[in-house]
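Just so it is clear, none of the values below were taken in a lab; they were calculated from the coordinates. Please read these numbers as outputs of a predicted model, since none were measured by experiment. Ideal geometry is used to build each Cβ from the backbone, glycine not excepted, and the neighbour counts take in all protein chains shown.
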Amino acid sequence: MNALALTDDIARHFGRARESYEQAARLQRLVAAKALTLLKPTDGLLLDLGSGPGWFHPKLKQHCTDLIALDLSHDMLQKTREAQDATLAVQADAQALPIASESINRVFSSLMLQWCEQPQLVLREINRVLKPGGSAVLSTLLDGTLEEFKQAWAQVDHHQHINQFLPLSFFLQLQQQYPESGLELQTEQVQLSYPDVLALARELKDLGANTVTQGRNKALTGKQRWQKVQQAYPSRCIDGSISASYQVLHLVLTKKSKE
Ligand SMILES: C[S@@+](CC[C@H](N)C(=O)[O-])C[C@H]1O[C@@H](n2cnc3c(N)ncnc32)[C@H](O)[C@@H]1O
């Protein structure tokens, strides 16, 4: 799939999930709450990149004077507009921001970066739009996320059912390459439990997080195959309930003030 078709696919899946998202957003609540503790309040503009339906905006609004929501998905932004917490809702790709340089005080972005083909472009764009002295907090998922689910599927077929997540080393390298970005990294592991693998798959679908960006299999998955995945799942209780791991990375970026 080319980059444009992939971005359309991601936006479509998230758009379809606009009504079910908030209820399914268990991981998102935990991650956004932690990211918020790292965000410095501002008297100016705060940009929320990959804002989704905007369920977190009542909290973000308290950290700034004006909030700008930005997302790929038109339907997600529609929810944001209905809630009227954001001053502006912009449909755009975070890898190419339609925003003037040095115009934003803070950037917040929770669980969007892992959907971007070139996360380094997002960081570059953030650095461009931030005012000197401004800062950004981003959270993303790393390699090892949903590893149990991936291992279970690997016992059943050779298709890709889970997205590939970048390793921590990718971000450590960026940190070394651009010391002037003041990039700080913090990792965290989150475990969530589910009644069974179907419940896990349903949650991903309800979140719109079911686009597989590489090597996906479009064929429908039958009941027998789900039973095999359930049996092969490595972290399973006697009652069948399962535990899934999420490797979370929080990034804090501070743009140098002008001398
Ligand atoms: C998992 S949701 C996170 C939403 C919200 N930040 C939260 O924490 O609940 C990811 C969001 O990022 C958006 N997204 C994905 N790739 C994007 C990109 N390249 N530019 C802007 N938004 C993007 C999706 O449309 C979706 O609404």
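Would you mention how many residues in segment 171-196 are surrounded by 14 or more Cβ atoms within 10 Å (Cβ to Cβ) and touching an Asp or Glu at 6+ places or on another chain (Cβ under 9 Å)?
3
So which residues in segment 2-17 are near the ligand (Cβ under 10 Å from one of its atoms), under 14 Å from Met76 (Cα atoms) and surrounded by fewer than 18 Cβ atoms within 10 Å (Cβ to Cβ)?
The answer is Arg12, and nothing else.
Among the residues of segment 109-159, write down those that are polar (S, T, N, Q), under 15 Å from the mean Cα position of the chain (by Cα), farther than 26 Å from Tyr233 by Cβ and part of a helix (DSSP H, G or I).
Within segment 109-159, just Gln120 meets the criteria.
Out of curiosity, is Gln120 within 9 Å of the ligand (Cβ to nearest atom), closer than 21 Å to Thr140 by Cβ, without any contact (Cβ under 8 Å) to a residue 60 or more places away in the chain and surrounded by fewer than 20 Cβ atoms within 10 Å (Cβ to Cβ)?
It is false that Gln120 is within 9 Å of the ligand (Cβ to nearest atom), closer than 21 Å to Thr140 by Cβ, without any contact (Cβ under 8 Å) to a residue 60 or more places away in the chain and surrounded by fewer than 20 Cβ atoms within 10 Å (Cβ to Cβ).
Could you grab me the full set of residues in segment 22-54 that are part of a loop (DSSP other than H, G, I, E, B), touching a strand residue (DSSP E or B) at 6+ places or on another chain (Cβ under 9 Å), within 8 Å of the ligand (Cβ to nearest atom) and farther than 22 Å from Leu88 by Cβ?
none
Go over the candidates Val156, Val90, Val107 one by one and state the one that is in contact with a strand residue (DSSP E or B) (Cβ under 6 Å, 6 or more places away or on another chain) and surrounded by fewer than 22 Cβ atoms within 10 Å (Cβ to Cβ).
Val90
Determine whether segment 93-109 contains at least one residue that is among the aliphatic types (A, V, I, L, M) and out of contact with any helix residue (DSSP H, G or I) (no Cβ under 8 Å at 6 or more places or on another chain).
no
Could you go through segment 67-80 and let me know if any residue there is over 23 Å from Asp206 (Cα atoms) and more than 9 Å from the ligand (Cβ to nearest atom).
Checking segment 67-80: at least one residue is over 23 Å from Asp206 (Cα atoms) and more than 9 Å from the ligand (Cβ to nearest atom).
Kindly list the number of the only condition in (1) buried (at least 18 other Cβ atoms within 10 Å of the Cβ); (2) among the hydrophobic types (A, V, I, L, M, F, W, C); (3) not in a loop (DSSP other than H, G, I, E, B) that fails for Phe165.
Among (1) buried (at least 18 other Cβ atoms within 10 Å of the Cβ); (2) among the hydrophobic types (A, V, I, L, M, F, W, C); (3) not in a loop (DSSP other than H, G, I, E, B), the lone unmet condition for Phe165 is (3).
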